[in-house]
Amino acid sequence: MDGDGVLILLIGLVSFVWHGSMRAREQALEVVRRTCREMELVWLDENVTLATLGLKRDDEGRLRIRRIYGFRYLEAGHLIREGVLIYMGDQLASLLLDTTWQRS
């Protein structure tokens, strides 16, 4: 493969990952919006932040892109809490509220 082919392949790969990340972020925004509404929580900043992006094997051993998003919310009118969404590929794997988690 010549230099142009490698460049095209690299651009395609970056585009694929970027598009998947934007789609996962939009899904994460909707999940947090719905969860906060249903649980009567106040979603601070109405935003999610990408905390971790990497490769990890799923439960079936397949290599997937794992994205971990964080967000903050207000509970009981005055307690600021943090939540985490974990995506494996384009599927929501976990939604964790008021939890301590460590990057791995």
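Read the figures in this text as sums done on the coordinates, not as results from a lab. Only a predicted model underlies this, so the values are computations on that prediction, with no experimental measurement involved. Reconstructed Cβ throughout: ideal geometry from the backbone, glycine too, with neighbour counts over all protein chains shown.
Quick one: longest stretch of the chain between exposed loop GluC sites (Glu not before Pro), exposed meaning at most 12 other C-beta atoms within 10 Å and loop per DSSP? Answer - 61-104. Relative to the dominant Cα principal axis of the chain, helix 3-38 is inclined by about 10°.
For the chain, what does the alpha-carbon gyration tensor say about shape, rounded, prolate or oblate, given a ≥ b ≥ c as the root eigenvalues, a/c under 1.5 as rounded, and a/b over b/c as prolate? Prolate, because a/c is 1.5 or more and a/b exceeds b/c. For Gly89, the residues whose modelled amide H falls within less than 5 Å of its own, excluding neighbours fewer than 5 places apart on the same chain, are Ile65, Arg66, Arg67.
Where in the chain is the longest stretch that carries no trypsin sites (Lys or Arg not before Pro) classed as loop by DSSP and with at most 12 other Cβ atoms within 10 Å? Mind showing how you got there, number by number?
Values: sites that count: Arg62, Arg103.
So the longest stretch without any such site is 1-61.
About its Cα centre, region 1-68 has a charge dipole of approximately 180 debye under the convention of +1 per Lys or Arg Cβ and -1 per Asp or Glu Cβ, with nothing else charged.
May I ask you to compute the full-extension gain from Phe16 to Leu44, defined as 0.36 nm times their residue separation minus their alpha-carbon distance, rounded to one decimal in nm?
Details: separation 28, 0.36 × 28 = 10.08 nm, distance 3.00 nm.
Extending this stretch completely gives an extra 7.1 nm.
The simple Förster model, with R0 at 25 Å and r as the Cβ-Cβ distance, assigns Leu9 and Asp90 a FRET efficiency of 0.70. Dividing the summed -39500 (n - 2.57) terms of all DSSP H runs of n ≥ 4 by the residue count of the chain sets its mean residue ellipticity at 222 nm at -12500 deg cm²/dmol.
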